[in-house]
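Each remark here refers to the structure printed beneath this line.
The values are calculated or read from the model by the stated rules, or taken from the named source; none is laboratory data. Every value quoted in this text rests on a predicted model; they were computed, and no experiment measured them. Neighbour counts run over all protein chains shown; Cβ positions are idealised from the backbone, glycine included. Quick note on the areas: whole protein, heavy atoms, side chains included, nothing else; ligands and nucleic acids left out. Shrake-Rupley method; radii C 1.70, N 1.55, O 1.52, S 1.80 Å.
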Amino acid sequence: YRILVQEGFSALHSDPRLVYRLVLRPDQPDFRLAAVPSNASGAMFLRKGGRDTIRVVAFRRDGFTGDIRVSASGLPEGVTSNEVLIGSTVNTATLVLTAAENAPPRVGQVQVIGKSMIGDQEVTRVARCGTALAPSQMMQPGQQMISVPARLTSSIMVGVSELETDAVLLA
């Protein structure tokens, strides 16, 4: 066998940053998860009786097409979330966190967990979480998405308000 690997977009030049890696191995189907609060601030603040969401993205490797069951663990007392399914033909899902009307004021470090079958073995993956380091601007129709500085975290902080409720009061 002969394999030729070369830069296809520019003239030949020597640059130590141009590193190529060729891996020949059997497929090893697997997945990884990333989770980000929908408001992208990195933390979530729930009013009593309120809801907020976490966007979960699945990164499938080597042809993995299995369903992934996604749930949240470490929720503060009084906060619940249903398990969601990332089906074999999609890569995203939304977890909804709900604070009970009588939820006590608490803070928790929430981890997003994904479970799936690979072959005949159940595997569990903990999502890498993300947080924005700067506020993002509202997008206008037709506007190109801008890059926001961000970093990875091991969990998402979720707090429940001590005084506020999600009810809207009209005077």
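Selection over the stretch 21-64 of residues that are within 21 Å of residue 105 (Cα to Cα) and either of a type in the set (Lys, Arg) or without any contact (Cβ under 8 Å) to a residue 12 or more places away in the chain (or both) gives a count of 3. For the stretch 74-83, residues that are open to solvent by less than 70 Å² (accessible area, probe 1.4 Å) and either part of a strand (DSSP E or B) or farther than 21 Å from residue 39 by Cβ (or both) total 2.
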